[in-house]
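Just so you know, all these numbers are worked out from the coordinates, no wet-lab data involved. Owing to the predicted nature of the structure, the values given are computational and were not obtained by experimental measurement. Here Cβ is always computed from backbone atoms with ideal geometry, including for glycine, and neighbour counts include all displayed protein chains.
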Amino acid sequence: MIPTHPDPESRAPRFLPASTSRFVRLAIAALWLPVMAWAGPGHTQSDTCEAKHRLVITEARIVREPGDVAGLSGALTGRLVGRLEAGGFNVEAVVAPTRAEGLTPAMDAFARHAAPYFLRLEAVDLVTEGRPSAFVLLPARYAPRAGELVATLDEGARGIRLGNWRINLEATSGRPFDPPVDARGRAFWQSDWGRSLDAGIERLATAINATLDCRPLTGRVVSTQARGGATDLRVDLGREDGLGAGDRILVVDPGTPIDWLGVNLLTRPALETTAGPVRDPRSLGEARLTYLGERESTLRYLGTQPVEAGDLIEVTPRRDRLEPSPE
């Protein structure tokens, strides 16, 4: 899923003299040795990124839907969900298709499903065009069927776009399915066009994984309770999300309150007068894990800044959790 470390020799400039090129290769190899030694045999970079990021995904909006394939939107989305979940992501919900281009759906998804990442899908020009020949002896002619998958990935917690992809599908025969086929069945995905769509889904899943895999795990403060001079925070992350004892946990004020995210961050820099002031995100300090649950946990916050429900937490696994276990 995550690209492996590049071959040091491939980084050497080809236009340098042989002696200089050899020196560059040796220098680069020396720089990579500590990284490769840390990774160890059979230990890839993706093994070090254990966070199970939570996403909300829209069903694919089909632009110019083909008339010879039924249930394509749900089947296409379901296939992507299966790949993401197999790669360690938590897909919290699949919602109806949306035409919105902005971040509003991401904000709404973050508020309702507590999933910081929102993926919007679209499939374009999946129809087959052409018509049978007017002459009986000539075969029917159809334009090749191709199209593209379009996706945007937003982080609703901060109101930023992380990815924007347009993936061209390999052109295949444009002859329509006769009789029409159900995209939820195996026969469709074994067809040439089904395989083309499946390859596009695989490329999209790989791109999403590369974008999110090693980002800090993001969650929210659900409630707070004073404990003497400290504060206990109940958060919506747990063991199933990849949270572990000793992880570095940072409490973050997202700046603009969650209720205002869909207004303030979408209207920068020209804010509506009713939107109120914009406050940039800021760190409130660290917290430590005191209770680890499956999907909820408790943190002890020792900082002096006030923490409120709706504030964010960002989790980075501690270094010794990233070391390969001895064989």
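With a ≥ b ≥ c the root eigenvalues of the C-alpha gyration tensor of the range 132-239, is it rounded (a/c under 1.5), prolate (a/b larger than b/c) or oblate? Walk me through the numbers before you get to the answer.
Working: a/c = 4.59, a/b = 3.43, b/c = 1.34.
Cα axes put the range 132-239 in the prolate bin.
Answer rounded, prolate or oblate for the range 43-126, using the Cα gyration tensor with square roots of eigenvalues a ≥ b ≥ c: rounded when a/c is under 1.5, else prolate when a/b is larger than b/c, else oblate.
Numbers: a/c = 2.55, a/b = 1.44, b/c = 1.77.
Oblate shape, in that a/c is at least 1.5 and b/c is the bigger or equal ratio.
If you count the DSSP beta bridges with both ends in the range 48-212, what percent of them are antiparallel, to the nearest 5?
For the range 48-212, the DSSP antiparallel bridge percentage is about 60.
Any idea what the relative contact order of the range 48-212 is, in percent, if you count C-alpha pairs under 8 Å spaced at least 6 apart?
Values: 327 pairs, mean separation 41.8, N = 165.
RCO, the range 48-212: 25 percent.
Starting from the range 44-124, pick out the GluC sites (Glu not before Pro) whose DSSP state is loop and whose Cβ has at most 12 other Cβ atoms within 10 Å. Can you show the working numbers first?
On the way: sites: Glu50, Glu59, Glu85, Glu92, Glu101, Glu122; in loops: Glu50, Glu59, Glu101.
Sites meeting the loop and neighbour criteria: Glu101.
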